[in-house]
Each structure stands twice: as C-alpha cells, then as structure tokens.
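The values are calculated or read from the model by the stated rules, or taken from the named source; none is laboratory data. Please read these numbers as outputs of a predicted model, since none were measured by experiment. Methodologically, a virtual Cβ is constructed for each residue, glycine included, from the backbone with ideal geometry; neighbour enumeration extends over all protein chains shown.
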Amino acid sequence: MDGGIDDALALILALKSPELEVAGITAVSGNVPVEQATINGLRVVELLDRADVWVARGLGNPLFRDPIRATAFHGSDGLGDSNLPLPKLTPSRKPALNAILETLASSKRQSTTIVCTGPLTNIAALLTEFPDAKGMIEEIVMMGGAYFVTKYGFGNETPVAEFNVYSDPEAAKIVFEASVPVKAVGLDVTVDPRVQLTKSDYDWLGNRKGRVSAFASSILKNNMKTYGRFALHDPMAVAVKVKPSFFQFEMYHAQVETKGEYTLGMTVADRRDWLPSDKLAGRPVMVCTNADPRFKQFFLTRLMAA
C-alpha cells in the first residue's frame, strides 16, 4: 500500500473480512513517501485494534526513476489532510522484503496471495532478489493499469497510463513477466460510476456511529466536497479475494511500456482475438472486465460491521 485514502479503505475492508487471514502490510513509495505510507498503515491497524498484523516499511523510491506523488488528490498526509494523531504502534523491525519472504516461507503450501494497492516496487524487488519466492505465491492481485477493454479503461496519470503502473513501470514489467499468476483490477472497472461512492453514500456513512465511520468520513471529506464522488480503486482489489463472485475476469496477453514518449506506463493488452495465443504479445494476465454494482453496498456494509 502507498498510503492513500483508498489504500486505507482497502485495509479496513481486508482487516474486517473473516474470509481473509491478513499476515501483514507493506508500505511503498507512491501517493506519499514510504515513511508516510507506513504511518498510515499503522493508523488503520491501530484503528481496528489489530496489533497482531505487522506493518513493514518497503522501498522508498521506484526501481530506476524519481518518485511521483498524488498529494494534490490524497492530501499531504495521504489521508485527505485529515490531521489524524500519530499512531502509537511502531513498524516491524524487518524490512518489507524480508517480512514478505518469511511469511511466504512459513506457509505450508502455495497458498499466499499478495494484494497490491500501490506501485509494484516491493514485489518486483522481491521476485528479482529472491527468485524462489515465485513458487511460494498463489497469485498476485493488483490494483493497476488501464487495459482499454471497457469504455472506462483509459489512463488517469496520462491519457493511457494508470498511476500505480506509471509510478514504477519497470517494476510492473518485472511482475507481469514473472511466472506468477496475476489478476489485474484496473481503471476499466474501478471508475465505473456504478461502483463509486456518491454524495449520498458519504452522507449515509457520516450518519453512522463509531470510530471507523468517523475515520472514513474524515479522510473522504475534502475529496467528496471537491468532486462529489470517490472511486474505490483499492478496496475493489481486496474484494476480489473476499467476494470473487462480484467480478468477471478475462485472460489477455499484456505487457508494460517502459520507453514510450507518449505511452510510458501503459498496460498494453493484446486484443487481437483472431490470433492464436502463441502469436499474441505479452504474458497472460487475468484482467477484470466487470464489477457487480452490489460491490459498493457490500463494501459499505462490511466497513460498518462490528
């Protein structure tokens, strides 16, 4: 996670979902610097009284590029400039890569899923430095990319590139080309108006009682005031593991552009359905092509669950 508003909402969904066993959280440079992302992860863990879940600091810069930020949207603190108190919990003493590797190694079988809600820097570094980790991962579910397979599948950082992939395209390329199953939840589905929070959803949330509703209302306040809606990018990636029946995926061969003047960070899905699979460009990636509108109500209900 890279410390943004939807990252925090995704962590709440994950930690409040009994279907998942959350081993730990790793922070990465993205929406905000990795130090701030780590603090924001600890804030959520503390909010939900889940001190059993470790939060580890990851890499502070993309593999080969200078970092870009999304503080204009997420606020200087990553959480809507909500001025929340600092958490009392402290991060794991282990660096993120070591913490991930130990978690994978402790699993008795290939049953660990890594859900990525930020740039793929940590995961690319893990797969590069510890190649044996590939065989320990069941799948990688990532929020990232725009695959042009629905009418919403265009970029948000550039005309063709989504923020997480654009932030570290080389890392995304490594992950796409690794022999690990990848499910990509991209802008093709996350910006569908049917699954975005609206002003009425926000008002409903604000009328609920409790720490979680107060937290969610606080971090969403400025964005809802400015835009009147909020896309649930990262919670949707988590929900793929919690409520898989809400999502449809199709397999595309895809690759990441790392050199284009106008297309840097583009996730290029080969949609030439008249070609045999061995003639398509890129590696197989399961791309989300549809999200059930019931996802939004499910998310809100789970958010408020005791």
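If I filter the stretch 1-9 for residues that are in contact with an Asp or Glu (Cβ under 7 Å, 6 or more places away or on another chain), crowded, with 24+ Cβ neighbours inside 10 Å and over 19 Å from Lys296 (Cβ atoms), do I get at least one hit? The answer is yes; a qualifying residue exists. Does Val22 satisfy the condition of being at pLDDT 95 or above and in a loop (DSSP other than H, G, I, E, B)? Yes: the conditions hold for Val22. The helices (runs of 4 or more DSSP H) falling completely within the stretch 184-241 that include 2 or more residues that are within 16 Å of Met1 (Cβ to Cβ) map to 211-227. Within the stretch 259-306, being in a loop (DSSP other than H, G, I, E, B), among the basic types (Lys, Arg) and closer than 27 Å to Lys241 by Cβ holds for one residue alone: Arg271.
Of the listed requirements (1) among the polar types (S, T, N, Q); (2) closer than 29 Å to Asp132 by Cβ; (3) surrounded by fewer than 20 Cβ atoms within 10 Å (Cβ to Cβ), Ser17 misses just one: (2). The set of residues from the stretch 219-268 being of a type in the set (Gly, Ala, Ser) and surrounded by 17 or more Cβ atoms within 10 Å (Cβ to Cβ) comprises Ala231, Ala237, Ala239, Ala254, Gly265. Residue count for the stretch 251-306 satisfying the condition of being without any contact (Cβ under 8 Å) to a residue 24 or more places away in the chain and either of a type outside the set (A, V, I, L, M) or closer than 27 Å to Leu11 by Cα (or both): 13.
Against the numbered list (1) in a helix (DSSP H, G or I); (2) touching a residue at least 40 places away in the same chain (Cβ under 8 Å); (3) buried (at least 24 other Cβ atoms within 10 Å of the Cβ), Ala125 comes up short only at (3).
Screening the candidates Phe176, Phe154, Phe148 for the property of being among the hydrophobic types (A, V, I, L, M, F, W, C) and either at positive phi or at pLDDT below 95 (or both) yields one hit, Phe148.
The rows are residues; the columns are (1) without any contact (Cβ under 8 Å) to a residue 12 or more places away in the chain; (2) touching an Asp or Glu at 6+ places or on another chain (Cβ under 9 Å); (3) part of a loop (DSSP other than H, G, I, E, B).
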position: Leu86; (1), (2), (3): no, no, yes
position: Ile114; (1), (2), (3): no, yes, no
position: Lys151; (1), (2), (3): yes, yes, yes
position: Thr158; (1), (2), (3): no, no, yes
position: Lys173; (1), (2), (3): no, yes, no
